[in-house]
Amino acid sequence: MVELGNAGGGKIMIDVKTENGIAIVTLKHGKANALDIEFCDALTKCFEELRTSAARAVVVTGQGGIFSAGVDLIRANAGGADYMRKFLPVLNRSFESIFFHPKPLVAAINGHAMAGGAVLACCADRRIMARSGGRIGVTELLVGVPFPALAFEAVRLAVPSRYLPESLFSGATYEADIALQRGWVEEVVTADALMPRAIAAAQSLAQLAPAAFAQTKKQLRQEIRERLNQNGAAVDKAVTEIWAAPETLRYIGEYVARTLKKSRATG
């Protein structure tokens, strides 16, 4: 179990257990597994440790009805530009530790996977989603922020090109069966079958020769690594300036206010 204290005095928890050689990573950061500095640090630490563990493959999932709601916008809104400039590099490191993880990785999407949560799922080698009312999609443009370089690449690798522009520009989110049709996930199962199916998928991938799998995965992602090496820093610099700009922070504040008002209105 990975357990870290946060600035608010509570606890961030990522529960890791191993079953028959499969590491099961359960995200347990509050109700929504919202991405903030401390949680992203914990994700990076967890996946770096899994590199040298005895586990042959990894399943990552959430709890309740949420896989991850994405970036903690309330925290970001309160922290302002200074927080944004500290947060984005930490977010990028967490995505990198997951996206370039050498072992087979299956995302068991138990519920909502929104924005950064959808990106996290896209970092996996295989995505299986429960038919339980959850939705998946990237809402960044609705919030007023662009994608960091690796986040964009992860989504571009996962989602078929014919659906990608619509998904990015509309900010649409999709329930499980539509997500399957549009290529966000490879399989949809009942909620009860999610973890057994995800573990079985991980076990199947784990049967492949580890060195051969890792090299093949590296080659599959090599063009992305090269693009990041070539212009990732420039993209992320531009992205950071937009995230930290006063007009963006106002947009985020307005989005948060609308979302909270709607949440209260609907219970």
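Taking the criterion of being out of contact with any Leu (no Cβ under 9 Å at 6 or more places or on another chain) and surrounded by 13 or more Cβ atoms within 10 Å (Cβ to Cβ), the residues of the stretch 190-206 that qualify are A191, A193, L194, M195, R197, A198, I199, A200, A201, Q203, S204, A206.
Could you list, in sequence order, the residues of the stretch 201-222 that are within 17 Å of S97 (Cα to Cα) and under 21 Å from the mean Cα position of the chain (by Cα)? Answer for the stretch 201-222, where residues must be within 17 Å of S97 (Cα to Cα) and under 21 Å from the mean Cα position of the chain (by Cα): A214, K217, K218, L220, R221, Q222.
Report whether or not A198 is closer than 30 Å to K45 by Cβ, more than 16 Å from the chain's Cα centre (by Cα), small (G, A, S) and at pLDDT 95 or above. Yes. Would you confirm whether any residue within the stretch 145-163 is free of Cβ contacts under 8 Å to residues at least 60 places away in the same chain, polar (S, T, N, Q) and touching a Leu at 6+ places or on another chain (Cβ under 6 Å)? Among the residues of the stretch 145-163, not one is free of Cβ contacts under 8 Å to residues at least 60 places away in the same chain, polar (S, T, N, Q) and touching a Leu at 6+ places or on another chain (Cβ under 6 Å), which makes the answer no.
Is it the case that E241 is surrounded by fewer than 19 Cβ atoms within 10 Å (Cβ to Cβ) and free of Cβ contacts under 8 Å to residues at least 24 places away in the same chain? It is true that E241 is surrounded by fewer than 19 Cβ atoms within 10 Å (Cβ to Cβ) and free of Cβ contacts under 8 Å to residues at least 24 places away in the same chain. Residue check: is R126 surrounded by fewer than 23 Cβ atoms within 10 Å (Cβ to Cβ), in contact with a strand residue (DSSP E or B) (Cβ under 6 Å, 6 or more places away or on another chain) and not aliphatic (A, V, I, L, M)? The answer is yes for R126.
The rows are residues; the columns are (1) over 27 Å from T18 (Cα atoms); (2) part of a helix (DSSP H, G or I); (3) among the hydroxyl-bearing types (S, T, Y); (4) modelled with pLDDT of 95 or more.
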residue	(1), (2), (3), (4)
A54	no, no, no, yes
A81	yes, yes, no, yes
L88	yes, yes, no, yes
I98	no, yes, no, yes
K103	no, no, no, yes
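Please verify whether A121 is hydrophobic (A, V, I, L, M, F, W, C), in contact with a Lys or Arg (Cβ under 6 Å, 6 or more places away or on another chain) and modelled with pLDDT of 95 or more, treating the condition exactly as stated. Yes: the conditions hold for A121.
The condition (being surrounded by 15 or more Cβ atoms within 10 Å (Cβ to Cβ), at pLDDT 95 or above and farther than 28 Å from G62 by Cα) is satisfied by just one residue among L164, L228: L228.
The values are calculated or read from the model by the stated rules, or taken from the named source; none is laboratory data. The structure presented is a predicted model; accordingly, all values stated were derived computationally and were not measured. Quick reminder, even Gly has a Cβ in these numbers, built from the backbone with ideal geometry, and neighbours come from all protein chains shown.
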